[in-house]
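The values are calculated or read from the model by the stated rules, or taken from the named source; none is laboratory data. Remember, predicted model here, so these are calculated numbers, not experimental data. Note: ideal-geometry Cβ built from the backbone for every residue, glycine included; neighbour counts use all protein chains shown. To get the accessible areas, we keep the full protein, side chains included, count just its heavy atoms, and leave off ligands, DNA and RNA. Shrake-Rupley method; radii C 1.70, N 1.55, O 1.52, S 1.80 Å.
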Amino acid sequence: MVFEAIVVIIPLLSIITSLFLEKRLYSKVSTIFTGVAFLLSLYVLLFTNKESSFIFLRFDGLGTLLASYILLVSFVIHKYSENYMRDEQGLKRYFILLDLMTWNLLTLVLSNHLLVLFASWHLMGVILYFLLTFNNRRGQAVEWGRLALFTQRLADVPLLIAILLLYKQYGTFEISKLAQMVTTEPSDTLWITTLLIVLSGILKSAQIPFHVWLVYSMEGPTPVSALMHAGIV
C-alpha cells in the first residue's frame, strides 16, 4: 500500500522541489523523480498481487500496468526534454507542466471514483493546452492550442452525461461497485452510456473527423508532441 501511494505522490513532490531549485537542476531532478516512480510502479506491478485502495484511487492489475506505461513514456520524454528544451525560456514552467500531466494521467487510470475520473479527464485537456502553447510568442501556436482546448472541452460533455446516467441508474460514483452492479443489474439504456463514453474517447484522442487540431500541434515543442501522441492520444 505504501509503494502504491508513493508512485502517485512522487510527481507532486517533484513539483514542490521546483520552488527551491534553479531551472536546469530542477529539470534533472524532475527526470530522476519520474524514473524512481517508474521503477516503483514496476515493483508494484510485478511483486504486489493484492488489490489496494488509496483515497479515491484503486490499484489493480490493469491500473498498475497503465501507470507503469505512463511513467515509462514520461521518463523518456523528461530525459529527452533535458537537452532539447534547455535553452528555452520558461524551462521550469515546462517541467512543472510535465510533472503535473504525469500526475494527472496516473490519477486518471487509477481512479476509483467517476467524479475524480472526470476531473482528470477535464484537466488533461487544460494542461495539454498550456503545453501546446508553451511558445506563447508564436501566434499560430496559441491559435491552434485554442482549437485543441475547444475539442478537448467538447470531449468532456458526453463523458459527463454518461456519468450522470450511471449515477441515476445505480446510485453510486464508485467504479468498482459499478463494475459489479452493471453485470448483476443490467439496464436497457446501458448502450447509450457506452456510446457516450466511446464518443468522448473519440473526441479526446483526435479521431476523424475531430483530428484537425492534431495536424497543427507541431507548433508546440517536439517533446509535447511525443507526450501527446504516445501518452494521451
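The residues on offer are Thr184, Thr194, and the sole one that is hydroxyl-bearing (Ser, Thr, Tyr), over 22 Å from the mean Cα position of the chain (by Cα) and either modelled with pLDDT of 85 or more or open to solvent by 30 Å² or more (accessible area, probe 1.4 Å) (or both) is Thr184.
Being of a type in the set (Phe, Trp, Tyr), touching a residue at least 40 places away in the same chain (Cβ under 8 Å) and surrounded by fewer than 19 Cβ atoms within 10 Å (Cβ to Cβ) narrows it down to one residue among Phe20, Phe56, Phe33; which is it? Can you show your working first?
Details: Phe20 fails: touching a residue at least 40 places away in the same chain (Cβ under 8 Å); Phe33 fails: surrounded by fewer than 19 Cβ atoms within 10 Å (Cβ to Cβ).
Unique residue meeting the criteria: Phe56.
Taking every residue in region 79-97 that is of a type in the set (S, T, N, Q) and pairing it with any residue that is surrounded by 14 or more Cβ atoms within 10 Å (Cβ to Cβ), at least 6 positions away or on another chain, the pairs with Cβ-Cβ distances below 6 Å are Ser81/Pro223.
Would you pick out the residues in region 1-55 that are farther than 15 Å from Leu71 by Cβ, in contact with a Ser or Thr (Cβ under 7 Å, 6 or more places away or on another chain) and among the β-branched types (Val, Ile, Thr)? The one that is farther than 15 Å from Leu71 by Cβ, in contact with a Ser or Thr (Cβ under 7 Å, 6 or more places away or on another chain) and among the β-branched types (Val, Ile, Thr): Val29.
Yes or no: region 59-69 includes at least one residue that is in contact (Cβ under 8 Å) with a residue 24 or more places away in the chain and in contact with a strand residue (DSSP E or B) (Cβ under 7 Å, 6 or more places away or on another chain). Looking through region 59-69, at least one residue is in contact (Cβ under 8 Å) with a residue 24 or more places away in the chain and in contact with a strand residue (DSSP E or B) (Cβ under 7 Å, 6 or more places away or on another chain). Total residues in region 149-166 satisfying the condition of being in contact with a Leu (Cβ under 7 Å, 6 or more places away or on another chain) and surrounded by fewer than 16 Cβ atoms within 10 Å (Cβ to Cβ): the figure is 1. Taking Leu164 as meeting all but one of (1) within 18 Å of the chain's Cα centre (by Cα); (2) modelled with pLDDT of 85 or more, write down the number of the exception. Only one criterion in (1) within 18 Å of the chain's Cα centre (by Cα); (2) modelled with pLDDT of 85 or more is unmet by Leu164, namely (1). Can you find a residue that is of a type in the set (Phe, Trp, Tyr), touching a Pro at 6+ places or on another chain (Cβ under 7 Å) and within 16 Å of Thr34 (Cβ to Cβ) anywhere in region 54-72? Looking for residues that are of a type in the set (Phe, Trp, Tyr), touching a Pro at 6+ places or on another chain (Cβ under 7 Å) and within 16 Å of Thr34 (Cβ to Cβ), one finds none in region 54-72, hence no.
A search for C-beta distances below 8 Å between a residue of region 173-202 that is within 22 Å of Arg58 (Cα to Cα) and in contact (Cβ under 8 Å) with a residue 60 or more places away in the chain and any residue that is among the aromatic types (Phe, Trp, Tyr) and open to solvent by 80 Å² or more (accessible area, probe 1.4 Å), counting only pairs 6+ apart in sequence or on different chains, returns Phe173/Tyr167. Of the residues making up region 1-17, those that are free of Cβ contacts under 8 Å to residues at least 24 places away in the same chain and either touching a Phe, Trp or Tyr at 6+ places or on another chain (Cβ under 9 Å) or under 17 Å from Leu62 (Cα atoms) (or both) are Ile9, Leu13, Thr17. Annotation: Asn112 fulfils all but one of (1) buried (at least 21 other Cβ atoms within 10 Å of the Cβ); (2) more than 18 Å from Val7 (Cβ to Cβ); (3) touching a Lys or Arg at 6+ places or on another chain (Cβ under 7 Å); the unmet one is (2). On inspection, Gln89 qualifies as open to solvent by 10 Å² or more (accessible area, probe 1.4 Å) and at pLDDT below 85.
When region 34-58 is filtered for residues that are modelled with pLDDT under 85, touching a strand residue (DSSP E or B) at 6+ places or on another chain (Cβ under 7 Å) and not in a strand (DSSP E or B), only Glu51 remains. The condition of being open to solvent by 70 Å² or more (accessible area, probe 1.4 Å) and among the acidic types (Asp, Glu) holds for only one of Glu51, Glu82, that being Glu51. I'd like to check something: does region 129-152 contain any residue that is farther than 27 Å from Phe54 by Cβ, of a type in the set (A, V, I, L, M), touching a helix residue (DSSP H, G or I) at 6+ places or on another chain (Cβ under 6 Å) and modelled with pLDDT of 85 or more? Looking for residues that are farther than 27 Å from Phe54 by Cβ, of a type in the set (A, V, I, L, M), touching a helix residue (DSSP H, G or I) at 6+ places or on another chain (Cβ under 6 Å) and modelled with pLDDT of 85 or more, one finds none in region 129-152, hence no.
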